[in-house]
Amino acid sequence: MAEARFDGTVRVVVDVMEATRNLVLNSAELAINHAHVETPQGGRIEAEVSYNEPEQQATIMLAQQLDPLSGYLLHLDFAGTLNDQLHGFYRSTYRDEEGVEQVIATTQFEPADARRAFPCWDEPSFKATFAISLLVDDGLTALSNEAVASIETLDDGLQRITFHETMVMSTYLVAFVIGAFELTRPLDVDGVPLRIAAVPGRSHLTTFAEDAASHALRFLSRYFEIPYPGGKMDHVAIPDFAFGAMENLGCVTYRENALLADPAQASQLELQRIATVIAHETAHMWFGDLVTMKWWNGIWLNEAFATFMELTTTDAFNPEWQVWTAFGAGKSAALAIDSLRATRPVEYEVGRPEEAEAMFDVLTYQKGGAVLRMLEQYLGPAQFRKGISHYLATHSFGNTETSDLWNALETASGEPVTSMMDSWIGQRGHPMIFIESGPDDSTVTLRQQRFLYDGSAADERWAVPINIRALVGGVVQHHRLLLDDVTATFSFDGPVDWVVINDGAWGFYRVRYSVELWTRLRDAGVGDVLDSLERLALVVDTWAAVVAGMADLKEWVSVVESIVGEEDPDVWAAVGAGFGFLALVADPAERELLSAFVRRTVGPSWSELGWNPTADESRRTATARARVLSTLGLAGDDAEVRTQTVERFRRFLEDRVSLAPDLVSSAARVVVADGAEGSWATVRDQYSQASNPQDRIRYLFALTESGDPSILRRTLDMAITAEVRSQDAPFLIAQVMGQQEGTAIAWDWVERNWEQILARFPGSLVARIFEGITSAVDPELAAAIRRFCQTHEIPLAGPRLDQLLERMDINVAVAARLRGTLGESLAG
């Protein structure tokens, strides 16, 4: 491992269906040094190897023909390099407590990188069992999908560690990790041993993960009514990791900040993220590992359902977090992408495996998860769960297509699930539901139309499951309607005082009330009639109407004013997104008007919440306090709040108790934005000295809040040094680009440092930088960005880049329309 090289041997039992002299399998960046086949009769057939590098294939050319027969044994000796690109079999590094750099060898195979670790048939439908042995230095820990079967000490200072054979599974789920890990003592979870693994010095950060992971494993096995399919469950924190986590059977790997935390210092949001990520990966043990999609076009089956189950599981783990409301923010992000012409269907044809990289986005996870939640709420949780259990039991150890899931749910519910859901999974976009009063006080008329930010017309139609809540004759009524035509009229049994379409806000669509119906809701009291998720949807849908030119800014302002005193953190996050865009648009005179509006609408919530938690407050209140503080201190430019934040943060660095854990990240951001002498350097020092993963992320991204161009350039320069891990650097650059003062500065920096970016960052993460381009509202800057994207190859950008460029162009147009009008719209 010191030379970053590895070698190995593969033995594969092969059944030959047709006579052949060639075996074609997948291999990338490997040298196959020897190949032969052992026949079922004990004979030996030598072979030569040729490579098709563009197709990542190796052909084993045999000296004689293989006849149709079962039980051939293919032998391959191979060698490769531990890469630094965070895929395949790669190396991760960390510094031990003495400051010495240590190396870990670990794997990340999804979607198609097992072929970089060993020659194999690297497609999800080629399932097999895997018996893995590793030769490692004595004293190192080796982990894989199953428990250790034996350890043999060899004469050359190595150990041969052999693991039990796995269940039948796909190659992308194979894992092996080698390094100086510390493991928790096994917890017995209904007969399954569960452990958390971390590098030395961080094992004290595993207790929360143990609680969340044991709950998830127990809850999900009971929800699905199917025992966990593996023999053990390890959750492993890796210092360098491209994604959040990976669902390798029995050996789940994570970014450190997605698994490790000190519960006494972590915020509720940070703990909530760990719990949801663990639940997501644990759900994959059934939905993805036990039952797997046939090809990568069905990846949404894995990820959308794991997203749905992470929320169901975490809601049972800690109801105070109200994770389904928090999911409203993720659903809003998916609606935003889905409002573009460059959006895509949740499921679409995938040719080459690398095309599947583009499917790991908010449309697969958040839209897919939201559509499943919409279906569950329409069918009823019991019928939905019954259908899922039937699906998993029917297809255990096999491969499926989307139609298999719909058939199982139809069987369980008796509802036409296939015809209802095909329009949501196979068709791009989503509808806006327009609602207005009918010909009398007891009816309403609904109309669906595809919603596009560019305001253009479109002909798509959906089977829209609509839940309705209305106050009729002093009684709140609930109704269901399947809107599968363009329009429909719904009649109540009396005059309607107010009506809510998308009751519960579970539907993946937007709602547009007529002026009359919106006035009735507002007058009844938005905070009284609508729950927090419904208020979030109201804010998001109204802002979308402003972007599309369907509403003027005054309408969105009236919605924000209707929720003054709001204490839900995710509602404020939705409002804050609008504040952030307006800050990009505002000229210097308008910025003060915008800040005054923020203070006027958000200030009452801060007055109610204050700095200090109370003994009996909910955990969600702690999150709301942090959101309101950052909104007032940043968008509101509140002088008193900034002064107090700077002072409290100074004291916190001395005593570590002057700020509640939930406020530390927000306070650090406000301190950097305030620009006091040395504040950026102070926060940078905290980043460098951080002893846990949460502090490193908090302080790193706080550095992006400065309004000083020279400081922003220093922050950007950090991204191409060893000071920032390559897994974090693209996100740091994107956050600088998203700042009011940072867009042009960051883009200029990206153009000047493009070659270093390509050389340093993993290819799978380079495109993340471009998440910041939507903040470019200056036409000339936007044009320069588009020219760059047309003349440079951006690794694995896929359709996401087209989406970002379209949203950038839309934002340029919206900015031009709103610029100079803020004073009139925001005046109170």
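The values are calculated or read from the model by the stated rules, or taken from the named source; none is laboratory data. Quick caveat: nothing in here was measured; it's all calculated off a predicted structure. With ideal geometry, Cβ positions are generated from the backbone for all residues, glycine too; neighbour counts draw on all protein chains shown. The area values use the complete protein model at the heavy-atom level, side chains included, leaving out ligands, DNA and RNA. Shrake-Rupley method; radii C 1.70, N 1.55, O 1.52, S 1.80 Å.
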For segment 799-809, check the following and say yes or no: at least one residue is more than 23 Å from SER456 (Cβ to Cβ) and of a type in the set (Asp, Glu).
no
Of the numbered conditions (1) exposed (fewer than 15 other Cβ atoms within 10 Å of the Cβ); (2) in contact with a Ser or Thr (Cβ under 7 Å, 6 or more places away or on another chain); (3) of a type in the set (A, V, I, L, M), ALA458 satisfies every one except a single condition; which is it?
(2)
So, in segment 129-157, of the ones that are open to solvent by less than 40 Å² (accessible area, probe 1.4 Å) and not in a loop (DSSP other than H, G, I, E, B), which residue ends up nearest to ASN297 (Cα to Cα)?
SER144
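Here is a yes/no grid of residues against (1) more than 16 Å from VAL177 (Cβ to Cβ); (2) surrounded by fewer than 24 Cβ atoms within 10 Å (Cβ to Cβ); (3) polar (S, T, N, Q):
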site	(1), (2), (3)
ARG195	no, yes, no
PRO200	no, yes, no
PHE208	yes, yes, no
ALA213	yes, no, no
PHE219	yes, yes, no
PRO227	yes, yes, no
GLY231	yes, yes, no
VAL236	no, no, no
Could you tell me which of the residues ALA264, ALA258, ALA275 is open to solvent by 10 Å² or more (accessible area, probe 1.4 Å) and farther than 18 Å from HIS395 by Cβ?
ALA264
From the list ASP484, ASP503, ASP541, which one is of a type outside the set (A, V, I, L, M, F, W, C) and open to solvent by 50 Å² or more (accessible area, probe 1.4 Å)?
ASP484
Quick one: TRP321 ticks every box in (1) closer than 24 Å to ARG627 by Cα; (2) open to solvent by 10 Å² or more (accessible area, probe 1.4 Å); (3) in contact (Cβ under 8 Å) with a residue 60 or more places away in the chain; (4) not β-branched (Val, Ile, Thr) bar one, so which box is it?
(2)
Only listed residue being in contact with a Pro (Cβ under 6 Å, 6 or more places away or on another chain) and either farther than 24 Å from GLN739 by Cα or modelled with pLDDT of 95 or more (or both), chosen from GLY578, GLY565, GLY603, GLY610
GLY565
Please give the number of the condition VAL546 fails out of (1) closer than 19 Å to VAL323 by Cα; (2) open to solvent by less than 10 Å² (accessible area, probe 1.4 Å).
(1)
Looking at segment 279-294, which of its residues are farther than 17 Å from GLY250 by Cα and open to solvent by less than 10 Å² (accessible area, probe 1.4 Å)?
MET293
What pairs come out if I take residues in segment 763-780 that are over 23 Å from LEU86 (Cα atoms) and in contact (Cβ under 8 Å) with a residue 24 or more places away in the chain and pair them with residues that are assigned to a loop (DSSP other than H, G, I, E, B) and of a type in the set (Lys, Arg) whose C-beta lies under 9 Å away, six or more apart or interchain?
VAL777/ARG819
Write out, first by first residue and then by second, each pair whose Cβ atoms fall under 9 Å of each other, whose residues are 6+ apart or on separate chains, and whose first residue, in segment 392-411, is in contact (Cβ under 8 Å) with a residue 24 or more places away in the chain and among the aromatic types (Phe, Trp, Tyr) while the second is open to solvent by 10 Å² or more (accessible area, probe 1.4 Å) and not in a helix (DSSP H, G or I).
PHE397/LYS127; PHE397/MET167; PHE397/VAL168; PHE397/PRO229
Mind checking which residues of segment 647-660 are in a helix (DSSP H, G or I), surrounded by fewer than 21 Cβ atoms within 10 Å (Cβ to Cβ) and not charged (D, E, K, R)?
PHE652, LEU653
Conditions first: (1) touching a Phe, Trp or Tyr at 6+ places or on another chain (Cβ under 7 Å); (2) surrounded by fewer than 15 Cβ atoms within 10 Å (Cβ to Cβ). THR166 passes all but one, so which condition is the exception?
(2)
Of the residues in segment 402-437 that are more than 23 Å from LYS331 (Cβ to Cβ) and in contact with a strand residue (DSSP E or B) (Cβ under 8 Å, 6 or more places away or on another chain), the one that is surrounded by the fewest Cβ atoms within 10 Å (Cβ to Cβ) is GLU436
Considering residues of segment 438-455 that are open to solvent by less than 10 Å² (accessible area, probe 1.4 Å) and assigned to a loop (DSSP other than H, G, I, E, B) only, the residue farthest from LEU372 (Cα to Cα):
LEU452
Considering each residue of segment 360-416, count those that are outside any helix (DSSP H, G or I), out of contact with any Phe, Trp or Tyr (no Cβ under 8 Å at 6 or more places or on another chain) and at pLDDT 95 or above, and give that number.
4
Could you look through segment 687-719, keep only residues that are among the polar types (S, T, N, Q) and farther than 16 Å from GLN739 by Cβ, and pick out the one that is surrounded by the most Cβ atoms within 10 Å (Cβ to Cβ)?
GLN694
Sort through ASN248, ASN297 and tell me the only one that's open to solvent by less than 20 Å² (accessible area, probe 1.4 Å) and within 21 Å of the chain's Cα centre (by Cα).
ASN248
Return the pair list, or none, for Cβ contacts closer than 9 Å from residues in segment 32-56 that are of a type in the set (Ser, Thr, Tyr) and modelled with pLDDT of 95 or more to residues that are open to solvent by less than 40 Å² (accessible area, probe 1.4 Å) and part of a loop (DSSP other than H, G, I, E, B), at least 6 apart or on different chains.
TYR51/SER27
Give segment 603-635 a look and list any residue that's surrounded by 16 or more Cβ atoms within 10 Å (Cβ to Cβ) and over 31 Å from the mean Cα position of the chain (by Cα), or say none.
GLY603
Residues of segment 451-479 that turn out to be within 30 Å of ALA815 (Cα to Cα) and either of a type in the set (S, T, N, Q) or without any contact (Cβ under 8 Å) to a residue 60 or more places away in the chain (or both), as a count:
5
The one condition in (1) under 32 Å from the mean Cα position of the chain (by Cα); (2) outside any loop (DSSP other than H, G, I, E, B); (3) under 22 Å from ASP662 (Cβ atoms) that GLU566 fails to fulfil:
(2)
Flagged in segment 197-211 as free of Cβ contacts under 8 Å to residues at least 40 places away in the same chain and of a type outside the set (D, E, K, R), in numbering order, are SER203
Do the conditions hold for VAL174, that is, is it at pLDDT 95 or above, buried (at least 17 other Cβ atoms within 10 Å of the Cβ), within 27 Å of the chain's Cα centre (by Cα) and of a type in the set (Val, Ile, Thr)?
yes
Does ASP188 count as modelled with pLDDT under 95 and exposed (fewer than 15 other Cβ atoms within 10 Å of the Cβ)?
no
Taking segment 602-622 and keeping residues in contact with a helix residue (DSSP H, G or I) (Cβ under 8 Å, 6 or more places away or on another chain) and in a helix (DSSP H, G or I) leaves VAL602, GLY603, SER605, TRP606, LEU609, ARG619, ARG620, THR621, ALA622
